[in-house]
Amino acid sequence: MKKYNHKLCIAPMMDYTDSHFRFFLRLLSNNIFLYTEMISADAVVHGNREILLKFDPLEHPIALQIGGSSIEKMTEASLVGQDYGFDEINLNIGCPSPRVQKGNFGASLMSDSQLVSEIISNIKKRVKIPVTVKCRLGIDDQDIQKDLKFFVKSVLDAGADILIIHARKAWLNGISPKENRVLPELNYQAVYDVKKYSKEAEIIINGGIKSYEDIQDHLKYVDGVMLGRKIISDPLFLREVDRSFFNDFSPFKRLEDIIEIYSEYADMQIKNGVSKTRIIKPLMSIFNNKPHAKSWRRGLDSYRNNQLAKTVGLSSVHKDFLDGIHI
Ligand SMILES: Cc1cc2nc3c(=O)[nH]c(=O)nc-3n(C[C@H](O)[C@H](O)[C@H](O)COP(=O)(O)O)c2cc1C
């Protein structure tokens with residue numbers, strides 16, 4: 001079984017980490033491990049796979065994140081993911097959204113270690129790629145010492161290859177999924193403790209990690225970090241990380257070149273029917289907090305709104321947007 005480096009992972013994020021966003025992130029870093037948005041096992045099994053699962057070979061290494069609670073469906077979805085060429089199957093045991101709760105999966109499964117273990121061991125019997133779990137510290141009034149330890153032991157015994165822990169509990173009643181990403185407070189120590197009592201296991205920490213220093217600190221205690229919102233608001237951080245963290249100075253990483261390659265990719269995708277709004281989304285925030293952020297976004301907006309001739313592709317106009325911007 002091939003296991004890839006998970007020192008720096010990019011979090012699964014609905015409405016963000018689609019194939020186009022991931023393609024752009026991969027241009028920024030050769031060293032990150034990517035995750036899809038969560039796709040329900042039902043959708044993987046019954047939905048339009050070309051739309052839901054298609055990805056560019058450049059995106060490797062990449063995991064398919066699935067959500068569900070039926071052993072059969074989760075196993076079938078994992079087999080489909082493996083056949084599609086994903087490098088890992090990741091189980092979502094952390095999503096607190098009411099829709100997901102209604103289907104009795106996501107974070108609510110943290111209180112059913114038995115079922116999660118059965119799902120993992122069944123998938124492990126059928127697929128050859130790693131099977132990993134993304135979870136929380138617990139839900140509602142679960143005890144982080146006792147209940148989390150029990151959950152961790154069960155999923156590791158069932159054969160989970162890596163455990164990614166969002167370092168906060170989830171409240172399943174009363175607060176929204178958005179609030180559940182900032183509340184309750186982060187508890188990194190609880191994740192470090194998991195590593196202490198499961199030394200052999202690969203443990204990845206997630207939640208509120210924003211700087212190079214944060215990454216270095218966490219890596220003293222766990223095996224990898226996962227970044228989410230930091231990468232939405234500041235994707236170019238990945239270039240910095242590639243240089244300072246992985247000592248990767250590939251000449252390929254000039255920003256002008258990255259934007260050029262992405263623009264050519266964008267034109268091809270638009271020809272295939274992808275909307276301009278979706279395709280420019282990864283580029284929107286790249287100059288956030290820089291003086292030229294506004295003019296860059298204005299350029300992309302004018303491209304999206306067809307103020308430029310319809311036949312003009314992003315690859316022919318992106319240089320105009322970069323004109324006068326010192327990058
Ligand atoms: C817009 C958005 C969508 C998300 N969608 C998913 C998802 O599909 N699957 C999942 O496991 N977590 C999802 N999350 C949670 C993130 O993976 C991550 O655990 C959380 O944002 C905490 O990490 P951060 O503080 O680095 O952003 C989402 C988060 C955001 C902000």
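Just so you know, all these numbers are worked out from the coordinates, no wet-lab data involved. Please read these numbers as outputs of a predicted model, since none were measured by experiment. Because the Cβ atoms are built from the backbone with ideal geometry, glycine has one as well, and the counts that use them run over all protein chains shown.
Listing for the model above:
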| read-out | value |
| --- | --- |
| Protection proxy ranking of 116-123, 273-280, 204-211 - average other beta-carbon atoms within 10 Å, highest first | 116-123, 204-211, 273-280 |
| Estimated distance in nm for a label pair at residue 181 and residue 247, the labels positioned 7 Å out from Cα along Cα-to-Cβ | 3.5 nm |
| Sparse-neighbour loop sites [GluC sites (Glu not before Pro); the stretch 167-245; at most 13 other C-beta within 10 Å; DSSP] | 185, 200 |
| Alpha carbon centroid spacing (whole Å) that separates the stretch 125-145 from the stretch 243-264 | 34 Å |
| Local electrostatic count, residue 132, Cβ distance below 13 Å [Lys/Arg +1, Asp/Glu -1] | -2 |
| Over the chain, equivalent-ellipsoid semi-axes from the Cα gyration tensor in Å | 35, 22, 18 |
| Order by protection proxy (mean Cβ within 10 Å, highest first), peptides 137-144, 14-21 | 14-21, 137-144 |
| Value of relative contact order over the stretch 254-322, rounded to a whole percent, pairs C-alpha under 8 Å and six or more apart | 42 percent |
| The stretch 156-232 shape via C-alpha gyration tensor axes, a/c threshold 1.5 | oblate |
| Residue-averaged 222 nm ellipticity for the chain, from DSSP H runs of 4+ at -39500 (n - 2.57), nearest 500 | -12500 deg cm²/dmol |
| Electrostatic dipole magnitude of the stretch 26-90 [Cβ: Lys, Arg +1; Asp, Glu -1; Cα centre; debye, to 20] | 100 debye |
| Separation in nanometres of the label points that stand 7 Å from Cα toward Cβ, at residue 79 and residue 316 | 4.9 nm |
| Label-point separation, residue 217 to residue 264 (7 Å along Cα→Cβ), nm | 4.2 nm |
| 23 Å Cα-Cα reach of residue 319 towards lysines, excluding residues that sit fewer than 8 places from it in its own chain | 253, 271, 276, 281, 290, 294, 310 |
| Aspartates and glutamates whose Cα lies under 16 Å from that of residue 195, excluding same-chain neighbours fewer than 8 positions away | 147, 157, 161, 217, 223 |
| In the stretch 128-158, trypsin sites (Lys or Arg not before Pro) in a DSSP loop with at most 15 other beta-carbon atoms within 10 Å | 128 |
